[in-house]
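Taking it in order: structure first as structure tokens, then the write-up.
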Amino acid sequence: MKKLALIAVTICFSLGLSAQEAVKPLFYKGVTNVSLGYGAGNFSQEFLRDIVGLSNNNFDVGFKTAGPLFVKLEHGFDNKVSMGINFAYMKNTLTYTDEGTNDTSIYFYNAELSCVTWSILARVNYHIGNNDKIDPYIGLGLGYRAVNWNYTDDDPFDVNNRNRNRLDLDLLPSFPLGMDLTFGARIMPIPQFGLFAEVGVAKGIIQGGITASF
């Protein structure tokens with residue numbers, strides 16, 4: 001009887017260990033996550049519209065954007081803390097028709113103002129909870145940010161680039177320090193592959209995409 005009880009306890013203990021292994025949390029020391037995402041909600045997009053509105057009496061304004069795009073890599077150095085690198089890219093372009101004058105008449109021309117910005121940040125994430133279905137976290141990133149403004153037009157009489165000088169692109173925002181502070185979560189409906197979403201201060205107020213772990 002004692003042997004039977006000992007065998008039962010051993011089996012239960014073994015099953016308990018197997019169950020613990022089966023519900024391994026999404027985040028743990030040693031795991032590496034790679035994510036690819038797209039964002040929405042960026043202040044510089046509205047800033048570009050304001051620049052054109054203040055600088056020109058124009059119409060037929062069009063707006064195009066690429067991004068913000070995000071590529072993220074993180075590695076778990078602790079059961080709660082990961083470190084990694086975030087790369088982000090965005091291009092905003094305004095196209096519009098403007099008015100010019102020469103000695104005899106008023107004429108119209110097409111113009112384009114674009115802003116390309118990218119950043120590469122060192123990132124630390126603190127992971128909340130210990131769940132096998134969802135991995136919530138708070139992230140802080142700090143690093144380098146590059147901004148490049150460009151203006152072009154097809155004004156046939158603007159031989160001295162007066163239109164470009166009027167915008168004074170050198171005075172437009174180009175601060176080189178990049179940072180983000182976001183709250184996010186990963187959800188893995190299938191092993192090692194799932195979705196992520198973040199909200200906060202970054203190139204996009206909200207962002208989301210696909211993620212994989214290994």
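Here are ILE138, ILE106: which of them is in contact (Cβ under 8 Å) with a residue 12 or more places away in the chain and open to solvent by 50 Å² or more (accessible area, probe 1.4 Å)?
ILE138
Cβ-Cβ under 9 Å, sequence separation 6+ or interchain: first residue in the stretch 190-214 and without any contact (Cβ under 8 Å) to a residue 60 or more places away in the chain, partner open to solvent by 30 Å² or more (accessible area, probe 1.4 Å) and in a loop (DSSP other than H, G, I, E, B). Which pairs?
GLN192/PHE214; VAL199/ILE205
Being in contact with a helix residue (DSSP H, G or I) (Cβ under 9 Å, 6 or more places away or on another chain) and not hydrophobic (A, V, I, L, M, F, W, C) is the filter; apply it to the stretch 67-94 and report the residue that is farthest from PHE43 (Cα to Cα). So that I can check it myself, show each step before the final result.
If we filter the stretch 67-94 for residues that are in contact with a helix residue (DSSP H, G or I) (Cβ under 9 Å, 6 or more places away or on another chain), which is where we start, we get 90, 92-94.
So of that shortlist, the ones also not hydrophobic (A, V, I, L, M, F, W, C) come out as 92-93.
Values: ASN92: 11, THR93: 14 Å.
The qualifying residue farthest from PHE43 (Cα to Cα) is THR93.
How many residues are at pLDDT below 90 and closer than 19 Å to VAL61 by Cα if we restrict to the stretch 73-105? Give the steps one after another, and end with the answer.
First, pick out the residues of the stretch 73-105 that are at pLDDT below 90: 92-105.
Keeping just the survivors that are closer than 19 Å to VAL61 by Cα gives 92-100.
So the count comes out to 9.
Can you pull out every residue in the stretch 77-106 that is in a strand (DSSP E or B) and over 37 Å from the mean Cα position of the chain (by Cα)? If you could, list the steps in order and put the result at the bottom.
Taking the stretch 77-106 and keeping what is in a strand (DSSP E or B), we get 81-101, 106.
Passing the criteria: GLY100, THR101, ILE106.
Search the stretch 66-95 for residues being among the hydroxyl-bearing types (Ser, Thr, Tyr) and surrounded by fewer than 20 Cβ atoms within 10 Å (Cβ to Cβ), and hand back the single one that is farthest from THR182 (Cα to Cα). Don't jump to the end; show me each part of the working.
Just the residues of the stretch 66-95 that are among the hydroxyl-bearing types (Ser, Thr, Tyr), to begin with: 82, 89, 93, 95.
Add one more test, that the residue is surrounded by fewer than 20 Cβ atoms within 10 Å (Cβ to Cβ), and what stays is 89, 93, 95.
Numbers: TYR89: 17, THR93: 26, THR95: 32 Å.
Going through the qualifying residues, I end up with THR95.
The values are calculated or read from the model by the stated rules, or taken from the named source; none is laboratory data. This structure is a prediction, so every number in the text was calculated from the model and none was measured. Positions of Cβ are backbone-derived with ideal geometry, glycine not excepted, and every protein chain shown enters the neighbour counts. Heads up: the accessible areas ignore ligands, DNA and RNA and are worked out on the full protein's heavy atoms, side chains in. Shrake-Rupley method; radii C 1.70, N 1.55, O 1.52, S 1.80 Å.
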